[in-house]
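The values are calculated or read from the model by the stated rules, or taken from the named source; none is laboratory data. Every value quoted in this text rests on a predicted model; they were computed, and no experiment measured them. Here the Cβ positions follow ideal geometry from the backbone for every residue, glycine too, while neighbour counts run over all protein chains shown. These area figures cover heavy atoms from the full protein model, side chains too; ligands, DNA and RNA do not enter into them. Shrake-Rupley method; radii C 1.70, N 1.55, O 1.52, S 1.80 Å.
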Amino acid sequence: MDPISGLTLGFSQVFQPYNLTFLFIGVVLGLVIGVLPGLGGTSGVAILLPLTLFIHPNAAIMMLAGLYWGALYGGVITSILFNIPGEPWSAVLVFDGHPLARAGRAGLALTTAFVSSLFAAFVSNVLFTFFAVPLAEFALGFGPPEIFAIMLMAFATFVGIGEGSSPLKTLIMITAGFLLGAVGLDLVTGQPRLTFGTITLLTGFNFVPVTIGLFGIAELLVSAEEQAREKVEEIKARLGWYDLVAAVREVGRRLWLLIAATLMGFWVGVMPGTGATPASFMGYGLARQYSRNPERFGKGAIEGVMAPQAAADAAGIGSLLPMVTLGVPGSPTAAVIMAGLFMWGLIPGPKLFQERPDFVWGLVGSLYVGHLIGFALCILATPLLAAIMRVPYALLTPFIVMISILGAYAINNSLFDVWVVLIFGLVGYILRKLKYPAAPLIVALVLGDPTESAFRQTLIMGHGSPAILFSRPISGPLMGVAILLFLLPLIRAVLTRRRAQVQEA
């Protein structure tokens with residue numbers, strides 16, 4: 001079946017009242033789950049999966065996919081308004097989204113994220129529709145060396161293109177993030193690492209409590225101090241539909257960045273074992289790397305909202321592509337959805353397109369319609385959501401603390417995660433005072449495990465030699481770019497010194 005005929009079949013499946021109802025329910029539930037810190041799309045899909053046994057598989061896959069897209073939209077809200085990431089992939093939005101909200105531009109930040117998601121979804125859906133099988137087969141050719149080179153570029157971007165912090169401080173924070181990520185069981189041998197004989201640390205540090213503490217609680221402590229000194233500025237946002245127009249205008253001005261972030265995010269999602277979280281951080285790095293004013297990042301750069309959100313949404317769609325075409329999930333959420341296929345008696349792979357075209361193309365059609373539903377709901381709710389910013393800070397603070405603690409506790413039902421939030425809240429406050437950037441630590445904590453896994457697999461492939469990273473046609477150039485970015489601060493220092501010497505002469 002050709003893509004156009006398949007897409008027609010898919011839309012006919014989506015717009016059946018039965019299927020459309022479950023798709024709408026999935027999107028709404030995803031929005032709620034995305035707003036609540038600590039849950040996430042993967043947890044939501046896993047919780048609802050047993051219930052799908054009682055409905056038709058076509059409606060079930062649409063509902064789960066809709067929940068995924070809804071969570072992608074919902075995670076934006078708490079990240080931008082409260083500096084607390086609702087989803088792992090939305091953590092990067094706190095870097096510039098919340099500063100925009102504090103500057104009275106919450107509406108612009110929210111609508112820009114939603115418009116970027118919708119644009120990325122449309123482009124990714126087109127790629128999914130027309131290039132599903134060849135892209136999935138090509139992605140399988142990406143091995144551990146290529147994945148490690150891409151991960152290294154993400155870290156190199158923070159060092160080479162700083163946000164006002166020294167490269168040394170950035171390297172220190174990246175190292176700290178890797179150390180935190182190393183706590184727990186070794187990926188290969190299964191031996192405990194840095195647990196100091198504590199059973200609780202065997203599972204390591206979960207990303208969400210650390211992020212809530214470093215950004216959410218630390219922000220509250222800083223604001224409380226400023227309020228005590230009568231320096232605090234109330235976060236206010238007057239919202240109207242003009243924010244949507246302004247967001248479309250901002251997207252139009254940076255269309256090439258959005259396209260690049262979308263394509264990169266889609267490709268990261270297609271590669272097995274990645275997903276939306278690494279893609280969002282890579283999108284942020286891409287925006288900083290090609291910005292004419294990288295010093296604005298971390299202070300309210302609109303590109304810092306636009307690019308990571310587009311990359312995350314594109315990766316979410318891309319992760320479903322190898323799952324459907326090859327039976328290889330591209331992300332944890334896709335893996336849970338694939339488990340549903342087996343529950344419904346379906347075998348993912350190329351034959352699924354011939355055996356159940358209504359199911360496959362119904363999923364593809366729901367990618368288009370589900371994003372439109374999510375976008376419409378978010379835009380309609382944006383004035384109400386951003387009105388929260390007009391609530392007096394003294395009344396809002398207890399609510400934020402309660403949400404933070406509940407979100408941390410809900411991850412593993414563990415008080416340890418609550419202590420992690422409180423401790424890292426204090427750590428984040430100290431880092432703010434010492435002017436150490438928290439973003440590189442979070443990036444290293446999130447990408448630490450996949451980076452280490454890719455590097456160790458690469459060494460196994462190269463029989464202990466890292467030369468394989470430079471000998472392969474794709475990983476070699478990527479490694480060269482990463483090394484250049486790491487050396488960029490040194491190159492700048494040398495050039496600046498030479499210019500000073502010339503001027504003195």
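Before moving on, here are some points about what is shown:
- Taking the listed residues ALA218, ALA237, ALA228, the one that is open to solvent by 50 Å² or more (accessible area, probe 1.4 Å), at pLDDT below 80, of a type in the set (A, V, I, L, M, F, W, C) and farther than 19 Å from GLY448 by Cβ is ALA228, with no other qualifying.
- Selection of first residues in region 481-504 that are at negative phi and small (Gly, Ala, Ser) and of second residues that are open to solvent by less than 60 Å² (accessible area, probe 1.4 Å) and in a helix (DSSP H, G or I), restricted to Cβ pairs under 7 Å at least 6 apart or on distinct chains, gives the following pairs, ordered by first then second residue: ALA482/ALA149; ALA482/LEU152; ALA482/MET153; ALA482/ALA156.
- Subset of region 134-168 that is part of a loop (DSSP other than H, G, I, E, B) and not hydroxyl-bearing (Ser, Thr, Tyr) - its residue that is modelled with the lowest pLDDT: GLU163
- Condition check for SER453: outside any helix (DSSP H, G or I), among the small types (Gly, Ala, Ser), modelled with pLDDT of 80 or more and on the phi < 0 side of the Ramachandran plot: no
- Cβ pairs under 6 Å, 6+ apart, first in region 65-79 and under 17 Å from THR52 (Cβ atoms), second open to solvent by 10 Å² or more (accessible area, probe 1.4 Å) and modelled with pLDDT of 80 or more: LEU67/LEU29; GLY70/LEU31
- Listed by first and then second residue, the pairs with beta-carbon distance under 6 Å, at least 6 apart or on different chains, first residue in region 45-58 and at negative phi, second at pLDDT 80 or above and not in a helix (DSSP H, G or I), are PRO57/TRP344.
- In region 445-465, the residues that are open to solvent by 20 Å² or more (accessible area, probe 1.4 Å) form Cβ pairs under 6 Å with partners that are among the hydroxyl-bearing types (Ser, Thr, Tyr) and part of a helix (DSSP H, G or I), at six or more places apart or across chains, as follows: VAL446/THR277.
- Taking the numbered list (1) in a helix (DSSP H, G or I); (2) of a type in the set (Val, Ile, Thr); (3) at pLDDT below 80; (4) open to solvent by less than 10 Å² (accessible area, probe 1.4 Å) in turn, THR112 passes all entries but (3).
- PRO99 satisfies every condition listed in (1) surrounded by fewer than 24 Cβ atoms within 10 Å (Cβ to Cβ); (2) not in a helix (DSSP H, G or I) except (2).
- PHE82 being out of contact with any Ser or Thr (no Cβ under 7 Å at 6 or more places or on another chain), among the aromatic types (Phe, Trp, Tyr) and either at positive phi or open to solvent by 10 Å² or more (accessible area, probe 1.4 Å) (or both): yes
- Residues that are open to solvent by less than 50 Å² (accessible area, probe 1.4 Å) and either modelled with pLDDT of 85 or more or within 31 Å of the chain's Cα centre (by Cα) (or both) within region 466-505 comprise ILE468, LEU469, SER475, GLY476, LEU478, MET479, GLY480, ALA482, LEU485, LEU488, PRO489, listed in sequence order.
- Listed by first and then second residue, the pairs linking a residue in region 350-372 that is farther than 19 Å from TYR68 by Cβ to a residue that is small (Gly, Ala, Ser), with Cβ atoms under 7 Å apart and 6 or more places separating them unless they lie on different chains, are PRO357/GLY6.
- Residue that is surrounded by fewer than 24 Cβ atoms within 10 Å (Cβ to Cβ), among the aromatic types (Phe, Trp, Tyr), at pLDDT 85 or above and under 19 Å from VAL268 (Cα atoms), where the choices are PHE130, PHE122: PHE122
- Scanning region 290-307 for residues that are open to solvent by 20 Å² or more (accessible area, probe 1.4 Å) and within 15 Å of ALA91 (Cα to Cα) returns a single hit, GLY298.
- Leading residue by the ranking (surrounded by the most Cβ atoms within 10 Å (Cβ to Cβ)) among those in region 308-334 that are among the β-branched types (Val, Ile, Thr) and modelled with pLDDT under 75: THR333
- Whichever residue in region 10-68 is under 27 Å from PHE399 (Cβ atoms) and not in a helix (DSSP H, G or I) and, among such residues, is modelled with the highest pLDDT: LEU36
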